[in-house]
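Colleague: Here it is, the structure, as structure tokens.
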């Protein structure tokens, strides 16, 4: 499942979830699958594979997974069982910068000539 925006899960979910925003798993949440997001907060149970910029395991949260993240924080009463690897620089950071509006306008020619079809024929 690919979503736009934030998502909060406070029930059972099995499958893959992908978001460019934040995903939170509540105290009653149980997620099994591949979870990809910018920021993930876990208060319930997350099993499977996690790919994110930042993972926060809160009090009572449990993650049993392979984690690929830049940042990982675990509350003293949170649990992590699995393997964690550092995330490479985000793909977003590798994309070339889009020209700003002013740069795009400045790159236009100074003179534009319009002609009708009759003139060009």
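The values are calculated or read from the model by the stated rules, or taken from the named source; none is laboratory data. Keep in mind the model is a prediction, meaning the values are calculated, not measured. FYI the Cβ positions are ideal-geometry reconstructions off the backbone, even for glycines, and counts take in every protein chain you see.
Colleague: Here are some conditions: (1) closer than 25 Å to residue 16 by Cα; (2) at pLDDT 55 or above. Residue 106 meets all but one. Which one does it not meet?
Modeller: Of the numbered conditions (1) closer than 25 Å to residue 16 by Cα; (2) at pLDDT 55 or above, the odd one out for residue 106 is (1).
Colleague: If I go through the stretch 31-47 residue by residue, how many of them are surrounded by 19 or more Cβ atoms within 10 Å (Cβ to Cβ) and under 17 Å from residue 81 (Cβ atoms)?
Modeller: The total comes to 8.
Colleague: Given (1) modelled with pLDDT of 95 or more; (2) surrounded by fewer than 10 Cβ atoms within 10 Å (Cβ to Cβ); (3) within 17 Å of the chain's Cα centre (by Cα), where does residue 5 come up short, assuming only one miss?
Modeller: Checking residue 5 against (1) modelled with pLDDT of 95 or more; (2) surrounded by fewer than 10 Cβ atoms within 10 Å (Cβ to Cβ); (3) within 17 Å of the chain's Cα centre (by Cα), the one that fails is (1).
Colleague: Let me ask something else. Collect the residues in the stretch 17-29 that are under 17 Å from residue 53 (Cα atoms) and in a loop (DSSP other than H, G, I, E, B), keeping them in residue-number order. Let's see the steps before the verdict.
Modeller: Kept after step one, since they are under 17 Å from residue 53 (Cα atoms), are these residues of the stretch 17-29: 17-25.
Within the stretch 17-29, 20, 21 meet the criteria.
Colleague: Mind telling me which of the residues 48, 33, 60 ends up being in a loop (DSSP other than H, G, I, E, B), modelled with pLDDT of 95 or more and over 13 Å from the mean Cα position of the chain (by Cα)?
Modeller: Numbers: 48 fails: in a loop (DSSP other than H, G, I, E, B); 33 fails: in a loop (DSSP other than H, G, I, E, B).
Within the list 48, 33, 60, the selection yields 60.
Colleague: Any chance you could count how many residues in the stretch 7-30 are more than 20 Å from residue 86 (Cα to Cα) and in contact with a strand residue (DSSP E or B) (Cβ under 7 Å, 6 or more places away or on another chain)?
Modeller: Looking only at the stretch 7-30, we keep the residues that are more than 20 Å from residue 86 (Cα to Cα), and these are 7-17, 24-30.
Those still in the list that are in contact with a strand residue (DSSP E or B) (Cβ under 7 Å, 6 or more places away or on another chain) too: 7-9, 12-17, 24-26, 29-30.
Result for the stretch 7-30: 14.
Colleague: Being surrounded by fewer than 10 Cβ atoms within 10 Å (Cβ to Cβ), at pLDDT 60 or above and in a strand (DSSP E or B) narrows it down to one residue among 71, 81; which is it? Even if it seems obvious, please write down each step before you answer.
Modeller: Working: 71 fails: surrounded by fewer than 10 Cβ atoms within 10 Å (Cβ to Cβ).
None of the others qualify; the one that does is 81.
Colleague: When only residues in the stretch 14-30 that are crowded, with 18+ Cβ neighbours inside 10 Å and under 15 Å from residue 63 (Cα atoms) count, which is farthest from the chain's Cα centre (by Cα)?
Modeller: 29
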